């Protein structure tokens, strides 16, 4: 098990020790060794009490059948203790055994995981690090005093607010005192989790550096930044004592807050302890070893906690500062008559919490250290929480729960007796998940007691009044208050983060209760970050209102916005929170109100919390930046002045509710409700209008454009309208076509509907709705044919139904069924031709249909006789249809073609196993995803190696209850998850069980897994390379029928590599790294075969253009419309569009042989390129693997990769000399005979391939 793959924690500063806690005086130089050790042993205690059973093996009640509810008990032997269990009891026993087995397996898996990610504190590297920390402490204590200002630092990575004009902040630097250097966070608690090993050190600034009034107007935070900057600048001096200890110095932000920089120190590999000749040797791998984070903080009594209550204002507005300065004796504090003015200002709860956070580090860690010393399981529960939060993309999110908040929540549950020291770590983990899933985190005002029991602290213990609770709930999305200081531990959590936490916890609890055997993989081993879980993404520029020299204010004023209100909201928001938090809260609030029940969750991607492209290889993201460089835009910092050519973007992921996503009308309040109607109109603006509906109601309503497939774009319309109206500073009028094309960061980018143009017949909005209409027309024609077949007279057995077996009739084919002008019966109206179409294709693709007859016991036993009887039935059915309905029917050896309504239906009696997993397309995204996946396979010449039924199975697994995420609601989300499934599943060691309807029992799963193991054991090559089974395989011995014999192992490896590269390209584009428009890059890169990819073929057979038909969508190829190109087909099979040929003018029996696939001028089911590849594979498949360009010949080549075994020299054998040539051998040992060997004659093989292809192959290129 790879620890690095288990837990990706994003960018480095948040990966492990975002705990922000200190050791409570137990520093590295202390005598209390317990601060480094913790508790002993583990007692699983009451872990199994919940699985307790009744005594003597009895299941409730008297064994002889006492009183009970329901049916009377069955008669049992007198001594029921030894009686054979009844059927009901046996079933319950099997179920209980299965649950217990899965539960025990989960415990074993968790223990193995903990062993992999838990840091061994007994290692020499950890001991060496502890010695290094002693040296660092001594060095920091010896730093000389200095006066530090922003000008003296000259570090681009340190930025001050200097909020009060004309009063720049300066710092009288003093080194930390002897007791002001505390090891904080998980390192001391021994709850570090690999691979990211951060060690937090709290540097308590001396009292000489801070005064009580520094809590106002960013003065404390500015001094804190200067303190961190001075330490960083000193450490960069390689000649200094501090510089000699480190290899590299970087800056980062604490939880993405640019007001609170932290210093990252990378320990030197070899350092000398002061006053000693010994050297501390510490091996550190770059990017994966220990990183020491210096966190400046202040003493608990440095400022008055009451002044930092959530209802107080501590950052004055510019107008307030000017008015206070003008008052006689007034100042920024509000003294001298300014109290009334200050009390009228909006509160700054988040700013206040940022200061209180630094005042309580010591006490919080002391409380956690005490409980960790009592229970090793508590530490393991913290590690499990880190893994769970990291795998679900929440731990490194700036506004979500980190390991510090998780640990404090565990402390709260311990104090409220929800968990105890005797519980196992897994049980504690489940209790926390259940607590979050039940909504208690968001609905209750929690408290936590961190006091140690001293007399002064005892007096501070108190609860919260109702008024205080209301103040906290109004200010924060989640509340857990340290009552001794009035600090909200969950202050950083946003409302969207809490909603995401609750939704993920509910899903996790459902897995633990329903399928504990799959819980480990789904909860702790599968990454479900933002890019994977969301259906669509909205991107807005992350810039301040004052960017572009006031240009944004002018454009916002032009929209008719209330500018005074807007200015007030912007200023108040930025005084209390960082820019990224203000914008994300504002945008998500607007989106939640505008989308309503269309959207399950609107979640912003804050900073580097998401999954970047390089995370697929498990490489940790960037930790920090050089102090002389400005912070990168991706960390969520920056001032947002808009100096960059392309401003940073804030991405908001949307999880869509497919039930309401396409709703065209949003109803508001009735006209009689004046205040509500006015509020509705204020929000929607000109889109709102008074309408009367069929039920007689007259209400305010908003109507959106959308028809057919265009309903997928309703959400995009809503997003553009509400953001353009309510956030004009960043989004302007983003609903207009002009703004959509802008590149100055002023327009909303909506990503999620791009694949609609890829999988539709026109590739544009104008005709994308035709796909479903074309499929429905074909289904309607089949239904009419079924009615006629069921009414046929004179049949020995009645036709019960015609079952569609073709993907063309399941909404999953690459191209929808289009009516052909020549595929009609007598008297039917032909399909219309595109304008100016002088030639049409003579090809028509048949749609396979199964004929289900009524049951009979008179069928013969011989297989050939059964097939002959089936053909006779088809002949009789054809006669009935021709005679009564004048339909064109042509019977072959095993099938019958019926041409009607522009379609060709190929009927078969019974037949091979057919699969229609979802039947009717209940989930619109299913068909879109399958078509997108098929298009991707075709563009990469892999379509023949993974047939469409296998693609349907893979996509169906994404819609099953076992999928780690909710079913996707857009084609883009479904396609990305398809790529991730293809690239991430362990095909060599595990089967893929597809159960979209929840039909598989635990017995079925065990049988399928056993069949997979047998397949691997009996075949040295391992059987099917891709083992995929569904409930239908129960009657087939759980064989993987749709993925055998293809794809082969080399082809599967190529598929996995292509899927991984395409997923990286798609995620890079979604995150804003790709390009927009029709130029190179963007989402289209995933569907393009690069030149380098073609070079991987050993041989390329270039096809003649006459046999290729361009059926790529216009979104990729452009040019004339898709429908016109499709009707024309390939040039070699075109015929002139004579009127006497249209509408069945040529009889099926004239000019054709009927059963050989030709119906007059039509050629049914003829695929020249596919037939050529099949023939090449039949003749040379033992020598090479062939890659087809698809029936349309999109790439224009047939790829060929030689098999390694083809070039192995072998003894010359006349019987196996085909395609071989003789080479010289070595002389025999005692004689003059020469042993000749033969090798593959490549020239001869390629020449024969050229002969087989004839005029279809123009050239042969050898790499």
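Yes/no matrix, rows are residues, columns are (1) buried (at least 24 other Cβ atoms within 10 Å of the Cβ); (2) modelled with pLDDT under 85; (3) assigned by TED's automatic domain parsing to the domain that holds residue 448:
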residue	(1), (2), (3)
319	no, no, no
326	no, yes, no
339	no, yes, no
364	yes, no, no
386	yes, no, yes
400	yes, no, yes
404	yes, no, yes
Residue by residue through segment 666-701, note down the ones that are within 17 Å of residue 591 (Cα to Cα) and loosely packed, with under 13 Cβ neighbours inside 10 Å.
-> 682
Over segment 222-251, the set of residues under 16 Å from residue 203 (Cα atoms) and either assigned by TED's automatic domain parsing to the domain that holds residue 489 or in a strand (DSSP E or B) (or both) is 251
In segment 109-123, what count of residues is obtained for those that are loosely packed, with under 11 Cβ neighbours inside 10 Å and in a helix (DSSP H, G or I)?
-> 0
Scanning segment 341-389 residue by residue, the ones that are touching a residue at least 40 places away in the same chain (Cβ under 8 Å) and outside any helix (DSSP H, G or I) total 5
Among the candidates 594, 624, 653, residue that is in contact with a strand residue (DSSP E or B) (Cβ under 6 Å, 6 or more places away or on another chain), at negative phi and at pLDDT 85 or above | 653
How many residues are in contact with a strand residue (DSSP E or B) (Cβ under 8 Å, 6 or more places away or on another chain) and either in a loop (DSSP other than H, G, I, E, B) or farther than 30 Å from residue 1053 by Cβ (or both) if we restrict to segment 984-1005?
-> 4
Inter-residue pairs, beta-carbon under 6 Å, first over 21 Å from residue 413 (Cβ atoms) and in segment 446-472, second at pLDDT 90 or above, 6+ apart | 471/310; 471/311
With respect to residue 581, is the statement that it is assigned to a helix (DSSP H, G or I) and at pLDDT 85 or above true?
-> yes
Could you tell me whether segment 212-229 includes any residue that is within 28 Å of residue 119 (Cα to Cα), in contact (Cβ under 8 Å) with a residue 24 or more places away in the chain and either touching a helix residue (DSSP H, G or I) at 6+ places or on another chain (Cβ under 6 Å) or surrounded by fewer than 23 Cβ atoms within 10 Å (Cβ to Cβ) (or both)?
-> no
Would you confirm whether any residue within segment 867-882 is farther than 30 Å from residue 1135 by Cα, surrounded by 15 or more Cβ atoms within 10 Å (Cβ to Cβ), touching a strand residue (DSSP E or B) at 6+ places or on another chain (Cβ under 6 Å) and without any contact (Cβ under 8 Å) to a residue 40 or more places away in the chain?
-> yes
All positions within segment 134-151 that are assigned to a helix (DSSP H, G or I), out of contact with any helix residue (DSSP H, G or I) (no Cβ under 9 Å at 6 or more places or on another chain) and more than 16 Å from residue 296 (Cβ to Cβ) = 134, 138, 151
Go over the candidates 140, 136, 171 one by one and state the one that is modelled with pLDDT of 90 or more, within 43 Å of the chain's Cα centre (by Cα) and not assigned by TED's automatic domain parsing to the domain that holds residue 427.
-> 136
If we scan segment 281-304, do we find a residue that is in contact with a helix residue (DSSP H, G or I) (Cβ under 8 Å, 6 or more places away or on another chain), in a helix (DSSP H, G or I) and either surrounded by fewer than 21 Cβ atoms within 10 Å (Cβ to Cβ) or at pLDDT below 90 (or both)?
-> no
Yes or no: residue 935 farther than 26 Å from residue 393 by Cβ, in contact (Cβ under 8 Å) with a residue 60 or more places away in the chain, within 24 Å of the chain's Cα centre (by Cα) and crowded, with 23+ Cβ neighbours inside 10 Å?
-> yes
Do we find that residue 972 is assigned to a helix (DSSP H, G or I), touching a strand residue (DSSP E or B) at 6+ places or on another chain (Cβ under 8 Å) and over 22 Å from residue 514 (Cα atoms) in this structure?
-> yes
Note down all Cβ pairs under 6 Å where the first residue falls in segment 995-1006 and is closer than 18 Å to residue 953 by Cα, the second is at pLDDT below 80, and they're at least six residues apart or on different chains.
-> 996/917; 998/961
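For (1) modelled with pLDDT of 90 or more; (2) surrounded by fewer than 17 Cβ atoms within 10 Å (Cβ to Cβ); (3) in contact with a strand residue (DSSP E or B) (Cβ under 9 Å, 6 or more places away or on another chain), each residue gets a yes or a no:
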site: 1175; (1), (2), (3): yes, yes, no
site: 1179; (1), (2), (3): yes, yes, no
site: 1185; (1), (2), (3): yes, no, yes
site: 1194; (1), (2), (3): no, no, no
site: 1198; (1), (2), (3): yes, no, yes
site: 1211; (1), (2), (3): no, yes, yes
site: 1218; (1), (2), (3): no, yes, no
site: 1228; (1), (2), (3): no, yes, yes
site: 1236; (1), (2), (3): no, yes, yes
The strands (runs of 3 or more DSSP E) lying entirely within segment 644-696 that contain at least 2 residues which are in the same structural domain as residue 715 (by TED's automatic domain parsing) and within 20 Å of residue 972 (Cα to Cα) are 649-656
Can you tell me which residue in segment 509-543 is surrounded by the most Cβ atoms within 10 Å (Cβ to Cβ), limited to those that are at pLDDT 90 or above and closer than 21 Å to residue 984 by Cα?
-> 534
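The values are calculated or read from the model by the stated rules, or taken from the named source; none is laboratory data. Since the structure is predicted, the reported quantities are computational estimates derived from the model, not experimental observations. Cβ coordinates were reconstructed from backbone atoms using ideal geometry, including for glycine residues, and neighbour counts include every protein chain displayed.
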